[in-house]
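Enquirer: Dropping a structure here in structure tokens format, bear with me for questions.
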Amino acid sequence: MEFGTLMMMVRHRVHGWQMAMRSQKGLHRGTTTLNINAAGLKRMEDAAFMHHIRKPVDKSHNLNWWHFNFFWGLQGITQSGIGLVPALALTGKISGFNHPAVAHFEFMGNQISGGTVDKQILPAPELCLAELKRSDNARALNRVYQSDTEMVHDLAAAYHQIMSDLYRVGARTIQLNRQGLGSQQGCSITELGTQVSREAVRDLPADLCVEWHVTHGDLLLSVASHRVAWAAPFA
């Protein structure tokens, strides 16, 4: 397993545990919960990562939240949802400035002997589009953006900045994972998804390899890989 996946898994597990603890507070009167600040949570995440990096990873672990963890790190997007059902909400203009995935990758590289980590896995921007186009976000979209084109441009620019920042700290391969979308939902964002993907990879360093993996659950349906200088999939 790529260490980028492992890092996402650890962050997902710690965050899921924290959410479960919070939900217990509302379910059981008198339950003691853990209050922790951002620095304390980071220490827990780092310790959990170091624990898991030294042992085999359970690949059967459910990663349904991993893409939300990434989206919540974007400027202009915040966490929403009820209980343990994850979702996102648009609160302002989307930006990839200072995304935590970059610091996570850099931390990860410092833990590996020889600094050989060079690959990072990210959720494809189409998945974020699908969430942003949910009916729950319609009012926020109309308030923040004048058009889908403007929103797609900002999302593409955010991904471009994150991938550029990852390249700066040593990433040379970035895998964008796409999960199977429902047919109606998939058709509605296909054109926008193509646009955001084309813009996101434009003018990235020539030696940065960007891969698209299309998956449905744990089943790999197809793989498209190319150097970003070759834009044939979006020509």
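Where a number appears in this text, it was derived from the coordinates with a stated rule and is not lab data. Keep in mind that this is a model prediction, so the values were computed, not measured. Cβ placement follows ideal geometry from the backbone for every residue including glycine, while neighbour counts extend to all protein chains displayed.
Enquirer: Distance in nm between label sites at residue 150 and residue 37, each 7 Å beyond Cα in the beta-carbon direction?
Expert: Spacing of the two 7 Å Cα→Cβ label points: 3.8 nm.
Enquirer: Please give every one of the aspartates and glutamates within straight-line cross-link reach of residue 93, meaning a C-alpha to C-alpha distance under 18 Å, and leave out same-chain neighbours fewer than 8 residues apart.
Expert: 126, 131, 136, 148, 150, 154, 199
Enquirer: Mind checking which aspartates and glutamates have their Cα closer than 18 Å to the Cα of residue 119? Skip sequence neighbours fewer than 8 apart in that chain.
Expert: Cross-link targets: 2, 106, 165, 207, 211.
Enquirer: Label points 7 Å out from Cα along the Cβ direction at residue 164 and residue 47: separation in nm?
Expert: 3.8
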